[in-house]
Amino acid sequence: QVQLVESGGGLVQPGGSLRLSCVVSRTTLSSYAWFRQAPGKEREFVAAIRWSSDSPWYGDAAKGRFTIARDNAKNTMYLQMNRLNPEDTAVYYCAASRVGERITNSMEYDYWGQGTQVTVSS
């Protein structure tokens with residue numbers, strides 16, 4: 001079993017920044033990712049990273065604005081979000097997958113955190 005615990009969500013003004021954290025109980029799985037889900041919408045892939053190689057990949061909404069990173073010493077994954085806009089408002093989840101490479105489908109992720117709310121509003 002793998003536990004993932006997100007933190008760092010909150011209210012931020014348009015154009016602002018926020019950093020989400022996800023503490024993971026194991027770092028030996030294949031991929032670790034951030035997804036988000038807005039009310040009435042499907043869960044959307046944001047970004048992911050292979051813990052072993054520290055190699056990231058991004059969804060379209062994140063490219064150029066968000067950065068995923070991991071700190072091996074702290075068993076923590078981060079999502080740095082810049083230039084936020086109201087369309088980024090959602091619950092953000094971290095997830096882990098046992099197998100696969102560069103996967104973006106939520107169905108292929110086996111473990112999930114409880115989510116953290118991000119609201120972008122003036």
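The values are calculated or read from the model by the stated rules, or taken from the named source; none is laboratory data. Note that the structure is a prediction, hence the values are computed from the model and not measured. With ideal geometry, Cβ positions are generated from the backbone for all residues, glycine too; neighbour counts draw on all protein chains shown. Please note that ligands, DNA and RNA were not included when accessible areas were found on the heavy atoms of the full protein model with its side chains. Shrake-Rupley method; radii C 1.70, N 1.55, O 1.52, S 1.80 Å.
Percent of accessible area on the chain owned by carbon and sulfur, 1.4 Å probe?
46
Are there trypsin sites (Lys or Arg not before Pro) in region 17-122 that DSSP puts in a loop and that have at most 12 other Cβ atoms within 10 Å, and which ones?
Those satisfying the criteria are K41, K63, R83, R102.
Of all beta bridges DSSP finds with both residues in the chain, what is the antiparallel percent, to the nearest 5?
90
Can you give me the relative contact order of region 12-71 as a percent, contacts being Cα pairs under 8 Å and 6 or more apart?
Relative contact order for region 12-71 comes out at 23 percent.
Return one whole number: the accessible area per residue of the chain in Å², for a 1.4 Å probe.
Solvent-accessible surface per residue comes out at 51 Å².
In whole angstrom, and with the biggest value first, how far do the Cα coordinates of the chain range along each principal axis?
40, 30, 25
Taking region 1-90, which GluC sites (Glu not before Pro) meet the DSSP loop condition and have no more than 16 other C-beta atoms within 10 Å?
Here the GluC sites (Glu not before Pro) that fit, given the DSSP loop and packing criteria, are E42.
Please work out the C-alpha center-to-center distance from region 3-53 to region 72-95 and express it in whole Å.
What the calculation gives is 4 Å, centre to centre.
For the chain, what does the relative contact order come out to in percent, with C-alpha contacts under 8 Å and a separation of six or more?
Numbers: 313 pairs, mean separation 44.4, N = 122.
Relative contact order, the chain: 36 percent.
Excluding V118 itself, calculate the net charge of residues whose Cβ lies under 12 Å from the Cβ of V118, where each Lys or Arg counts +1 and each Asp or Glu counts -1. List each step's numbers first, then the result.
Details: positive: R19, R36; negative: E6, E87, D88.
Local charge sum for V118: -1.
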